[in-house]
Amino acid sequence: ARCQRGSNNRRKAKAKVARAHRKVRAARQDFLHRTSTDLVRKADTVVVEDLNVKGMVKNRRLSRSISDAGWGEFRRQLEYKCQRYGRRFVVIDRWYPSSRTCSSCGYLLAQLSLSTRHWTCPGCRTRHDRDVNAAKNIRAAGLVVAGKNPGDVCGADVRRQGSSLPQSATKQKPPTARAVGIPAR
C-alpha cells in the first residue's frame, strides 16, 4: 500500500501477495479434495445436512470461519465424487432437528441453544455431545431416506472394494451399513 503506483517495487509486492494467496488457496483445495475422496472411498452412503451457507456467511462473527472451511465447495465435491464412484449421496433437510433429538431414545428437546455443547436426555438420561449426537441422527435419517436398512441385504458382496478378496456367499449374515453423517456446526 505504501509503494508508489506503477513502480517496480509495487509490482514485486503485488506478485508476493498474489503468491501467498495462491498458496493458501491450493492448501485449502488440497485438504478438501483429500478429505472428500477419503470419505467417499470409505462409505457406501454419504449423508450431509443441507445448510444455508449463503445465509450463514452473512453472520459477521462466523463468516470468515465458514468461508475458510469451504462448506459449499466440500458439498459440491462430495456430490460429484459420490456420483463418480457409484456411491449414494443423501441430503437431509436443513430443518431436521438433528442436534435436539436423542440418538438413543428419540426424545425431542424443545430448545437447545447454540452455546450448549453437551446435554443430558430427560427421557433416557444419556449424556450427548451435540455434534456426535447430530452426526448419529443425520446418519440414521440418511439411511432411512436412502431406504437402506442393514437387515435388507443378504448374500455376498456385489462389488470388490480395495485389495480385499470377494466374500463367499455361503455365510449369510447381514453386513453392517457404512455411512458418514456430517453434522452442522
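Here are the numbers for this structure:
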item	result
Residue satisfying condition, being out of contact with any Pro (no Cβ under 8 Å at 6 or more places or on another chain), surrounded by 16 or more Cβ atoms within 10 Å (Cβ to Cβ), touching a residue at least 12 places away in the same chain (Cβ under 8 Å) and hydrophobic (A, V, I, L, M, F, W, C), within set CYS105, CYS121	CYS121
Number of positions in the range 10-57 that are open to solvent by 80 Å² or more (accessible area, probe 1.4 Å) and under 17 Å from GLN83 (Cα atoms)	3
Subset of the range 4-42 [touching a helix residue (DSSP H, G or I) at 6+ places or on another chain (Cβ under 8 Å) and hydroxyl-bearing (Ser, Thr, Tyr)]	THR35, SER36, THR37
ARG60, sole failed condition from (1) modelled with pLDDT under 85; (2) surrounded by 10 or more Cβ atoms within 10 Å (Cβ to Cβ)	(2)
Selected residue (criterion: surrounded by the fewest Cβ atoms within 10 Å (Cβ to Cβ)) from residues of the range 64-102 that are closer than 27 Å to ASP129 by Cα and aromatic (Phe, Trp, Tyr)	TRP95
Filtered residues of the range 124-134 (kept if of a type in the set (Lys, Arg) and either under 21 Å from VAL48 (Cβ atoms) or surrounded by 12 or more Cβ atoms within 10 Å (Cβ to Cβ) (or both))	ARG130
Odd one out for SER7, checked against (1) small (Gly, Ala, Ser); (2) closer than 25 Å to ARG64 by Cα; (3) open to solvent by less than 70 Å² (accessible area, probe 1.4 Å)	(2)
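The values are calculated or read from the model by the stated rules, or taken from the named source; none is laboratory data. Given the structure is predicted, the values throughout are model-derived calculations rather than measurements. FYI the Cβ positions are ideal-geometry reconstructions off the backbone, even for glycines, and counts take in every protein chain you see. These accessible areas exclude ligands, DNA and RNA; they are computed on the full protein's heavy atoms, side chains included. Shrake-Rupley method; radii C 1.70, N 1.55, O 1.52, S 1.80 Å.
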